[in-house]
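The values are calculated or read from the model by the stated rules, or taken from the named source; none is laboratory data. It should be emphasised that the depicted structure is a prediction, and the values quoted were computed from it without experimental measurement. Neighbour counts run over all protein chains shown; Cβ positions are idealised from the backbone, glycine included.
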Amino acid sequence: MKIAIIGYNAYLAHDIEKVFTNATLFKRFESVSDVDVLKSFDYVINFSIQPAFKQEKLRLSDIIDVKIANVIKDSDTKFVMISSRKVYGASDRLALYSEQSELRPTDCYSYNKIISEREIQRILPNKNLILRVGNILDFPTDKNNSTFISWISGALKNNGILNVTENENVRKDFITRDYFQSALKTLIDKQKVGIFNIGAGFALKIKDLLPMITGQDRIVFQNTVPEKDGFILDCDKLHAVVMPFTKQELYAKCRSINQIYQK
């Protein structure tokens, strides 16, 4: 199976060549010298977005996912779009989101993801795999980004402590990057199409999770806001194809990351 991966330096794609050993890697869509070459692949996976994606509502014609879909629409190539659980919005209570849940954008990022999903489904019916990914917890990289782990690393580097303004009892769904990449490969190997939540299907309170990563003495909980924006992804559809993620896997990753911060 021929696979093209665009945006291989993205956080979710870090070291992905170890999973897709024969994939062709492109740094960004603009680096593909002849875009028509994408039609020769069985799958194109895109991890790249333009910087403005998070700051402004974009025209469909400017969104990289849509550009790629238009390139391959007259071929047999399937397209993998990396979407986000943020398309479901936020809730004042612990929310369980399935693939059929209402989509409620709360910012430019989630708005752009939603319109991208819909356009991909229109352009590539039965040739799209859309992954709504939950929180990813894994080792930090040298690249600056807006991930959960970069928030932790930046705070510890700059202040020596992690000042948490979220309520300590809020519960969130976390998986590791390894599990995400493994699930992605399985879905492709089994030639699945459609929308899949990629998460754990369970949630932990951040007051239980964060100390495993940084140590209790490096965390200050402000608790100045109510408990909100907690979520669990309903992953029954995923788990019919992919082995479920476990708490033991999550705890093991937390312990591994903790070793970095203890040096």
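Side notes on the structure shown:
- Flag for THR214 being more than 15 Å from the chain's Cα centre (by Cα), of a type in the set (S, T, N, Q) and assigned by TED's automatic domain parsing to the domain that holds ASN9: no
- Some residue of the stretch 181-203 being of a type in the set (Lys, Arg), not in a loop (DSSP other than H, G, I, E, B) and not assigned by TED's automatic domain parsing to the domain that holds PHE20: no
- The single residue among ILE260, ILE232 that is surrounded by fewer than 20 Cβ atoms within 10 Å (Cβ to Cβ), of a type in the set (Val, Ile, Thr) and not in a loop (DSSP other than H, G, I, E, B) turns out to be ILE260.
- Unmet criterion (only one of (1) in contact (Cβ under 8 Å) with a residue 60 or more places away in the chain; (2) acidic (Asp, Glu); (3) over 15 Å from ARG93 (Cβ atoms)) for GLU227: (3)
- When GLN50 is tested against the conditions (1) within 30 Å of PRO140 (Cα to Cα); (2) buried (at least 19 other Cβ atoms within 10 Å of the Cβ); (3) of a type outside the set (Lys, Arg), the lone failure is (2).
- Residue pairs whose Cβ atoms lie under 8 Å apart, separated by 6 or more positions or on different chains, with the first residue in the stretch 77-100 and at positive phi and the second among the hydrophobic types (A, V, I, L, M, F, W, C), are GLY89/LEU103.
- When residues of the stretch 134-156 are limited to those that are modelled with pLDDT under 85 and over 25 Å from TYR43 (Cβ atoms), the one surrounded by the most Cβ atoms within 10 Å (Cβ to Cβ): PRO140
- Only residues that are among the β-branched types (Val, Ile, Thr) and under 14 Å from ASN112 (Cα atoms) were counted across the stretch 62-79, and they come to 3.
- Options LEU162, LEU131: the member that is surrounded by 14 or more Cβ atoms within 10 Å (Cβ to Cβ), at pLDDT 95 or above and of a type outside the set (Phe, Trp, Tyr): LEU131
- For VAL225, the conditions (1) more than 29 Å from ILE120 (Cα to Cα); (2) surrounded by fewer than 18 Cβ atoms within 10 Å (Cβ to Cβ); (3) under 20 Å from the mean Cα position of the chain (by Cα); (4) of a type in the set (A, V, I, L, M, F, W, C) are fulfilled apart from (3).
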